[in-house]
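So the structure is just underneath, and the comments pick up after that.
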Amino acid sequence: MMAKTTPAPLALQVCDVLDKTLSRKALLHEPSFTGHEWEYVKECLDTGWVSSAGKFVDRFESEIAAYTGSAHAVACVNGTSALHIALRAAGVEAGDEVLVPDLTFVATANAVAYCGALPHLVDSDEKTLGVDPVKLKKHLQESSKIKSGALFNRRTGAKIKALVAVHTFGHPVDLDALQRVCEEFHLILIEDAAESLGSFYKGRHTGTTGRFGILSFNGNKIVTAGGGGAVLCRDATDAQRIKHRTTTAKAPHAWNFYHDELGYNYRLPNINAALGCAQLEQLPVFLEKKRALAARYRENFLKLQGLYFFEEPPFAKSNYWLNAFLLNPENSSQRNEILSALNQKGFMARPAWVLMHKLPMYGACPRMDVSTAESLEARLINIPSSSFL
Ligand SMILES: *Cc1c(COP(=O)(O)O)cnc(C)c1O
């Protein structure tokens, strides 16, 4: 009886590492409001500019563009809407397929489904946690064909329009390799950089290599606007079209309501942008603290056998948005026990997302062999990562 309730040695050891690293109980990711948040939000209230227009939206957009080095940034109401509008701008239509990692947050696949398109699920790479370029290329060679400059799924006959590459938990994917695959197979590259603000790939900010990139400013991300998102793009026409469609596609006019195409109410309220501006000012400090926390985890996890702390790939400088460790395959059966032990001790911990193909709405989607994603799902545990820890 006793033996059953005593955690296995590995679960205890992991708890000790978190105790040593954090020396306090901790949630997974909490925001810090230590800058000009009150001041900027108060300004919105004092002036009455709280909603769909105001100076903070413009300022937020230009500061995001400046920080990421993107030619353009269009603010959106959240990251999911940013993805939806980016997919539409990429020309994704009903009946198309879009390549999406099986291991991702559900919003990535949902945005594809909002276009009436089908997520085509692809496998991940253990070294990046993102799309595996080698496996993807092999899969496309075997299962698709190029006809008059477009890619078609040989089995379903559907056009495969784009690849959404996710920078998982903030760690950059191998963008150069994925871009080569996209060029060879006539795919538009869209980067889901919702989790990777402050992460760089070979010196380039994530979200600026593909034709479109998106960011999220949800409450659990490294920088929050309460809720919010942005589309990054290089092309001025793309940026204009996206801005137009996020603002109900209204033709500019002093009093007339004429909408020249199907638009959305996806604009970011000024009050959220105000919060976002105050948070952005602190991004360099958040990054420094999060990287220091990751370094502490890394050092303390080094002493444990049977698991490893996930570190940024060699080509990347990561924001370490959500820290993770992975059990060696032979220890994956202990995952739930470790999760229970951590949560019981007040260290909030979570497994990776349930894979998309296991969700009811995506079970029938086309997919390649996803054995690495399956293995990552079985072995990965996210641990507390707030910048103030
Ligand atoms: C958070 C997140 C999104 C969606 O962002 P929201 O602002 O919550 O809509 C999309 N993709 C990934 C990978 C995310 O983590």
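The figures follow:
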item: Selection status of GLY69, surrounded by fewer than 24 Cβ atoms within 10 Å (Cβ to Cβ) and either within 12 Å of the ligand (Cβ to nearest atom) or under 13 Å from GLY213 (Cβ atoms) (or both); result: yes
item: Checking ASP123 against (1) within 30 Å of PHE325 (Cα to Cα); (2) over 17 Å from the mean Cα position of the chain (by Cα); (3) not hydroxyl-bearing (Ser, Thr, Tyr), the condition it does not meet; result: (2)
item: Residue list for the range 119-146, restricted to those being over 30 Å from GLU311 (Cβ atoms) and either of a type in the set (Asp, Glu) or in contact with a helix residue (DSSP H, G or I) (Cβ under 7 Å, 6 or more places away or on another chain) (or both); result: GLU142
item: Every residue from the range 103-129 that is closer than 12 Å to LEU376 by Cα and within 13 Å of the ligand (Cβ to nearest atom); result: LEU103, THR104, SER124, LEU129
item: Residue count, the range 130-168 (criterion: within 16 Å of the ligand (Cβ to nearest atom) and in contact (Cβ under 8 Å) with a residue 60 or more places away in the chain); result: 6
item: Within the range 97-114, considering residues that are over 23 Å from ARG350 (Cα atoms) and buried (at least 22 other Cβ atoms within 10 Å of the Cβ), the one nearest to the chain's Cα centre (by Cα); result: ALA111
item: Candidates TYR264, TYR297, filtered to the one that is modelled with pLDDT of 95 or more and more than 16 Å from the ligand (Cβ to nearest atom); result: TYR297
item: Number of the exception - GLN305 against (1) in a helix (DSSP H, G or I); (2) farther than 18 Å from SER23 by Cα; result: (1)
item: Failed condition for PHE60, given (1) farther than 27 Å from GLY263 by Cα; (2) buried (at least 18 other Cβ atoms within 10 Å of the Cβ); (3) of a type in the set (Phe, Trp, Tyr); result: (1)
item: Every residue from the range 304-351 that is of a type in the set (D, E, K, R) and touching a residue at least 40 places away in the same chain (Cβ under 8 Å); result: GLU312, LYS317, ARG335, GLU337, LYS345, ARG350
item: Matching residues in the range 142-170 - criterion: being part of a strand (DSSP E or B) and among the hydrophobic types (A, V, I, L, M, F, W, C); result: ILE146, ALA150, LEU151, PHE152, ILE160, ALA162, LEU163, VAL164, ALA165, VAL166
item: Among the candidates LEU268, LEU275, residue that is part of a loop (DSSP other than H, G, I, E, B), surrounded by 15 or more Cβ atoms within 10 Å (Cβ to Cβ) and touching a Gly at 6+ places or on another chain (Cβ under 6 Å); result: LEU268
item: Hey, GLY227 small (Gly, Ala, Ser), within 14 Å of the ligand (Cβ to nearest atom) and outside any loop (DSSP other than H, G, I, E, B) or not; result: no
item: Strands (runs of 3 or more DSSP E) lying entirely in the range 17-129 (those with 1 or more residues that are in contact (Cβ under 8 Å) with a residue 40 or more places away in the chain and small (Gly, Ala, Ser)); result: 72-76
item: Matching entry among LEU87, LEU28 (being under 24 Å from LEU151 (Cβ atoms) and within 24 Å of the chain's Cα centre (by Cα)); result: LEU87
item: Within the range 185-224, considering residues that are under 16 Å from CYS76 (Cβ atoms), of a type outside the set (A, V, I, L, M, F, W, C) and away from the ligand (no atom under 11 Å from the Cβ), the one surrounded by the most Cβ atoms within 10 Å (Cβ to Cβ); result: GLY207
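The values are calculated or read from the model by the stated rules, or taken from the named source; none is laboratory data. Bear in mind the structure is a predicted one, so any value in this text is a computation, not a measurement. As a convention, Cβ positions derive from the backbone with ideal geometry for all residues, glycine included, and neighbour counts pool all protein chains shown.
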